[in-house]
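J.: Pasting a structure below so you can have a look.
The values are calculated or read from the model by the stated rules, or taken from the named source; none is laboratory data. Predicted, not measured: the structure shown is a model, and the values here were computed from it. Glycine also receives a Cβ, built like all others from the backbone with ideal geometry; neighbour counts cover every protein chain displayed.
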Amino acid sequence: MKIALLGYGKMGKTIEKIATERGHTIILKVDKEDTTYDLSEADVAIDFSIPTAAVNNITNCFNAGVPVVSGTTGWLDHYEDMVALCKEKKGGFIYASNYSLGVNLFFELNRKLAKMMAPLEGYNIAMEEIHHTEKLDAPSGTAITLAEGIIENTDKTEWQLDNGGKNIIPIIAKRIDKVPGTHTVNYTSEVDDIEIKHTAHNRNGFALGAVVAAEWLIDKTGVFNMKDVLGL
Ligand SMILES: NC(=O)C1=CN([C@@H]2O[C@H](COP(=O)(O)OP(=O)(O)OC[C@H]3O[C@@H](n4cnc5c(N)ncnc54)[C@H](OP(=O)(O)O)[C@@H]3O)[C@@H](O)[C@H]2O)C=CC1
Ligand SMILES: O=C(O)C1=N[C@H](C(=O)O)C[C@H](O)C1
C-alpha cells in the first residue's frame, strides 16, 4: 500500500516503522508546515495529527477520493459532519479513539462489566486516565469511549472531567512524563472494589492497529470502526 501520513510526530513515526516492516511504502509525511499537499498517489491516508487539524485533513482525503484512518483525538464535536461528508463523497473512513487490540478488548470488557454492575446498589464508579505531558486533549479519547460504554449500559447519563455526581461519571486526567496511556475503571463500595485497567507499554500497539485498519479499509466505502476491523 502507498500510505500518506497526515501528522508525523510520535505516532506518525511509529506507524512509519510498522507499516514499512509490513511491506508498505510511505509516500507522504505531512506536518504543520505543510498547508497544502498532494494525495493523488496515495492508496490510503492515516491521520495522527492534532485536534485542530483533523477535520481539515479528513476533508482533504474525502475530496481526493482517498480512504482515511483517523486516530487523532479531541475533534469529535465534528464527527457527524465527517460521517455526512464521507457518505456524500462515497469515501472510506475509520475513526477509533484507540487502535490497539488490547484496548478494543478492554472496551468490550468494560461494556460487559458495566452491564453486570448496573443492577447492583452501593457501588460508586470513577475513571482515571494517565498520559504523557505533551498530550493536548483531556480527557483522552479512550476515556470518553469507555465512559460512553458505561453510559450505554447503566443509569449514568454523562461524564465530567474531575467531577462526579449521581448520574455523572467522574474522569480524572493525569499528565506524567512519557506515559504512553493508562486507563482505569473503578467500582468502589463499602465492602469491596472492582477495578479494570489497561496499561500501554509503548505506542506499537496503537500503530499496528492503525496499519491493520488501513489494510482492511482499502477498496471499501462507508464509515467503520475497530469492531468492524477486528470482527468483535
Ligand atoms: N487513536 C489512537 O490509537 C491514538 C491516538 N493518538 C492521538 O493521535 C494524535 C497524535 O498523537 P502524537 O503522535 O502522540 O502527537 P505528536 O504531537 O507527537 O504529533 C502530532 C503531529 O501532528 C503534526 N501537525 C500539526 N499540525 C498539523 C497539520 N495541520 N496537519 C498535519 N499534521 C500536523 C505535528 O507537527 P509539528 O511537530 O510540526 O507541530 C506533529 O508532527 C493525538 O491526537 C493523540 O491523542 C495517539 C496515540 C494513539
Ligand atoms: O495522546 C496519546 O498519546 C494517546 N491518545 C489516545 C487517546 O486520547 O485516547 C490513545 C492513547 O491513549 C494515546
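J.: Looking only at residues that are closer than 17 Å to TYR99 by Cα and of a type in the set (Gly, Ala, Ser) in region 22-49, which one is nearest to ligand 1 (Cβ to nearest atom)?
T.: SER49
J.: Okay, moving on. Of all residues in region 1-21, which are near ligand 1 (Cβ under 6 Å from one of its atoms) and hydrophobic (A, V, I, L, M, F, W, C)?
T.: LEU6, MET11
J.: I'm trying to understand the selection: among the residues of region 146-173, which are buried (at least 18 other Cβ atoms within 10 Å of the Cβ) and within 12 Å of ligand 2 (Cβ to nearest atom)?
T.: The answer is LEU146, ALA147, ILE171.
J.: All but one of (1) surrounded by fewer than 17 Cβ atoms within 10 Å (Cβ to Cβ); (2) over 16 Å from PHE224 (Cβ atoms) hold for VAL83; state the number of the condition that does not hold.
T.: (2)
J.: A follow-up question, please. From THR59, THR52, grab the single residue that is away from ligand 1 (no atom under 11 Å from the Cβ), of a type in the set (S, T, N, Q) and either part of a loop (DSSP other than H, G, I, E, B) or modelled with pLDDT of 95 or more (or both). Explain how you work it out, then say what you get.
T.: Numbers: THR52 fails: away from ligand 1 (no atom under 11 Å from the Cβ).
From the options THR59, THR52, the qualifying one is THR59.
J.: If you don't mind, another one. Of all residues in region 110-145, which are surrounded by fewer than 16 Cβ atoms within 10 Å (Cβ to Cβ), of a type outside the set (Ser, Thr, Tyr) and within 16 Å of ligand 2 (Cβ to nearest atom)?
T.: HIS132, GLU134, LEU136
J.: Shifting gears a bit: Those residues that are small (Gly, Ala, Ser), more than 22 Å from HIS131 (Cβ to Cβ) and part of a helix (DSSP H, G or I), I need them from region 206-232; list them, please.
T.: Of all residues in region 206-232, those small (Gly, Ala, Ser) come to 207, 209-210, 213-214, 222, 231.
Still in the list and also more than 22 Å from HIS131 (Cβ to Cβ): 214, 222, 231.
Of everything in region 206-232, just one residue is small (Gly, Ala, Ser), more than 22 Å from HIS131 (Cβ to Cβ) and part of a helix (DSSP H, G or I), namely ALA214.
J.: Hey, ASN225 hits all of (1) loosely packed, with under 13 Cβ neighbours inside 10 Å; (2) in the same structural domain as ALA45 (by TED's automatic domain parsing); (3) within 13 Å of ligand 1 (Cβ to nearest atom); (4) not basic (Lys, Arg) but one; which does it fall short on?
T.: For ASN225, the failing item is (1).
J.: Exactly one condition in (1) outside the structural domain of VAL44 (by TED's automatic domain parsing); (2) of a type outside the set (Gly, Ala, Ser); (3) within 16 Å of ligand 2 (Cβ to nearest atom); (4) closer than 24 Å to SER70 by Cβ is not met by THR184; state its number.
T.: (4)
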